[in-house]
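Structure first, then comments.
Readers should treat all values here as calculations from the given coordinates under stated rules, not as data from a laboratory. Remember, it's a predicted structure, so these values are computed and weren't measured experimentally. Note that each Cβ is placed from the backbone with ideal geometry, even for glycine, and that neighbours are counted across all protein chains shown.
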Ligand SMILES: Nc1nc2c(ncn2[C@@H]2O[C@H](COP(=O)(O)OP(=O)(O)OP(=O)(O)O)[C@@H](O)[C@H]2O)c(=O)[nH]1
């Protein structure tokens, strides 16, 4: 275990960001739990990868965003107020973003659509890992034509971002997205990133052997 990856948890206010992190890390959340609105909290955890190694991740639980008034983004240049956008400093250091919406609140998916555009525009050329989590806090709205979860799933497919459905009340449902994130942030390292170096080292070994003869 070497580096610590920095991951920002973001999304609309009250969608369950804190509940998800508390449940993932401590497993102490139930239907009676209640949390104060977050300003910022930092959690450090050792998370398993899909290869079975454990890696250190620092999670930044952020203040919930206000929903936009106009639904899904129409124009990328639309002005948003300060409490509708992620604080700028997160864009500078984050290596991963976990974007959370509540499957019973369509406006919380709209927030993620703005958020992803904002991250894409401002992450410079840096590679970041993004994933979307739908927190199932209740049943789908049977009166709507397309439920929020399938809308999210289609949007994620278009954006090439992985989409997971979880419930903050069900700890095992949280493992897959966080193992996925940790694995992506800690890819398998090649033995050497410089093929010419390994050739050189082979040549040196060969020369040493012929010297010995
Ligand atoms: N029934 C149910 N309640 C949940 C679930 N997830 C979160 N809650 C509740 O919803 C409320 C808000 O959850 P938080 O985790 O504080 O949400 P948040 O996104 O961190 O909120 P902000 O910090 O204000 O942005 C809390 O009272 C939680 O107990 C869930 O999966 N099911």
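Averaging the sequence gap over all C-alpha pairs within less than 8 Å and six or more residues apart, then dividing by the number of residues, gives region 122-164 a relative contact order of 53 percent. Would you mind telling me the antiparallel percentage of the DSSP bridges in region 4-207, rounded to 5? Once the DSSP bridges in region 4-207 are tallied, antiparallel ones form about 25 percent. As a proxy for reagent exposure, 180, 93 were ordered by neighbouring Cβ count within 10 angstrom, fewest first; the result is 93, 180. Between region 1-50 and region 98-142, the alpha-carbon centres lie 16 Å apart.
In percent, rounded to a whole number, the relative contact order of region 91-133 is 64, using alpha-carbon pairs under 8 Å and six or more apart. Hey, quick one: spin label on residue 66, modelled 7 Å out along Cα-Cβ, who in region 13-38 has an amide N within reach, i.e. under 13 Å? Backbone N within reach: 13. Assuming a viscosity of 0.692 mPa s and a temperature of 37 °C, what translational diffusion coefficient in µm² per second does Stokes-Einstein assign to region 4-207, Rh being the Kirkwood radius over Cα pairs? Taking Rh from Cα pairs, D becomes 180 µm²/s. When each of the peptides 148-161, 96-109, 165-178 is scored by the mean number of other C-beta atoms lying within 10 Å of its residues, the order from highest to lowest reads 96-109, 165-178, 148-161. What nm distance separates the two modelled labels at residue 53 and residue 6, each placed 7 Å from Cα along Cα→Cβ? Output for this residue pair reads 2.2 nm.
Among 21-34, 47-60, the peptide with the highest mean count of other Cβ atoms within 10 Å heads the list, and the full ranking is 47-60, 21-34. Sorting the segments 7-15, 112-120 by their mean number of nearby beta carbons within 10 angstrom, highest to lowest, gives 7-15, 112-120.
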